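The values are calculated or read from the model by the stated rules, or taken from the named source; none is laboratory data. Computed from a predicted structure; not experimentally measured. Cβ placement follows ideal geometry from the backbone for every residue including glycine, while neighbour counts extend to all protein chains displayed.
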C-alpha cells in the first residue's frame, strides 16, 4: 500500500540537455500573466521567453523564473519569428482559428516556438500569417476561454509530456 | 497550405455526458487561485468544485464558471472525501510526495476526485491519508513549484486529454 508523505523542497530532476521550446508572447495586457508564464517556464526547464512592448516581470510571481529564464523583450514579434524559423524552429500559435489542430492530439516537433496571443485580442493577423501551425485547447463549457497564462502553461506541459527529456541528477519522480 | 483566421466566440463542443471529474480544494490562501480553478473547470466542462473554509469566488476571474460550475463549500474536506470514495470515486492528490506517480504517465480513471492542496503547505497529512494515489508534475528547474491554479489546470487538462468525451453539438475542433 502506498504511503504518501509530503516532500518539501524536493530536488528537481535536472535535464541532461536544455529544452528546445521557446515561448514568444505578443504584447500582453497583464504583467501578472506574463510573470506566471515565466514561472511555469522556469519550473519546466524552459530557458527562453520572448516578449514585446512594455513587458516586465513581477518577481513576486515569476519567482526564480525571473533569473533562470532568458527574458528577451523586443519591439515587435514578426521579425523575431522570421529569424527563428530560419533557425529551423516550427512556429506554433495557441489560438482558436480555422485550420487549428486539437492540442489533445497535437504532435510537437522538438524545435518549437510557442506563440501566445494577447489576453483580449488573441493572435492577430500579422502573427497568424507567420505561423506554421495552430494548436487549440478544446473548450467544453463556459466561459469558453481560458486565462492566457493558464492556456500557455497547459501547452507547455503538453510539449514537455511529449519531450520529457533525459534527466541526469536530482531525484526522479 | 493552412489558413489561420481567428475565430471569435467559437461555439464550444458540447459534451454528450457530463465529465466525472470532481475538484476538491483544501482551504486555499487565495480567492484568486480558487477562482482561476473554477474558470478552468468551466472551460473544460467540469461541473463540480468542492472547497473549504472561507472560500469564495471573484466573479471577474471565475467568469461564467461561477454560474456553470457547482461550487460547494464545506467546513472540512476529509468527510466529503470519505463520502465520494464510498460513491466509487478514486481520490487523487496533486503533490510532491513519496510514492507519487509522474503525471506524464499517469492513467486516470473516469470517476476521479482531484484533490488540490493549499498554496503554502500543500496537501497535509490528514488529506494525504485519505488518498488512493498522488500525481506529481515533474519539475525541471527553479522555482521548482508551480502556482496552485496552474498545476490544477494542468492536471485537469491531462484528465480531459485522456477522457476527451463524446461531443454532441457545436463546432468540433
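Could you say whether any residue in segment B:7-14 is crowded, with 21+ Cβ neighbours inside 10 Å and not in a strand (DSSP E or B)? Give the steps one after another, and end with the answer.
Taking segment B:7-14 first, the residues crowded, with 21+ Cβ neighbours inside 10 Å are B:12-13.
Subset that is not in a strand (DSSP E or B): B:12-13.
So far as segment B:7-14 goes, yes, one or more of its residues are crowded, with 21+ Cβ neighbours inside 10 Å and not in a strand (DSSP E or B).
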Residue match in segment A:25-32 (condition: surrounded by fewer than 22 Cβ atoms within 10 Å (Cβ to Cβ), within 11 Å of chain B (Cβ to nearest Cβ), at pLDDT 90 or above and out of contact with any strand residue (DSSP E or B) (no Cβ under 7 Å at 6 or more places or on another chain)): yes
Unmet requirement for residue A:167, which otherwise passes all of (1) facing chain B (nearest Cβ under 7 Å); (2) over 15 Å from the mean Cα position of the chain (by Cα); (3) closer than 27 Å to residue B:104 by Cβ: (1)
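Let's see how each residue does on (1) within 11 Å of chain A (Cβ to nearest Cβ); (2) within 19 Å of residue B:117 (Cβ to Cβ); (3) out of contact with any helix residue (DSSP H, G or I) (no Cβ under 8 Å at 6 or more places or on another chain); (4) modelled with pLDDT of 85 or more:
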{"residue": "B:3", "(1), (2), (3), (4)": "yes, no, yes, yes"}
{"residue": "B:10", "(1), (2), (3), (4)": "yes, no, yes, no"}
{"residue": "B:22", "(1), (2), (3), (4)": "no, yes, no, yes"}
{"residue": "B:63", "(1), (2), (3), (4)": "yes, no, no, no"}
{"residue": "B:66", "(1), (2), (3), (4)": "yes, no, no, no"}
{"residue": "B:74", "(1), (2), (3), (4)": "no, yes, no, yes"}
Residue check, residue B:85 more than 14 Å from every other protein chain (Cβ to nearest Cβ), surrounded by fewer than 19 Cβ atoms within 10 Å (Cβ to Cβ) and closer than 20 Å to residue B:120 by Cα: no
Members of segment A:91-120 that are closer than 19 Å to residue A:50 by Cα and at the interface with another protein chain (Cβ under 8 Å from one of its Cβ atoms): A:93, A:95
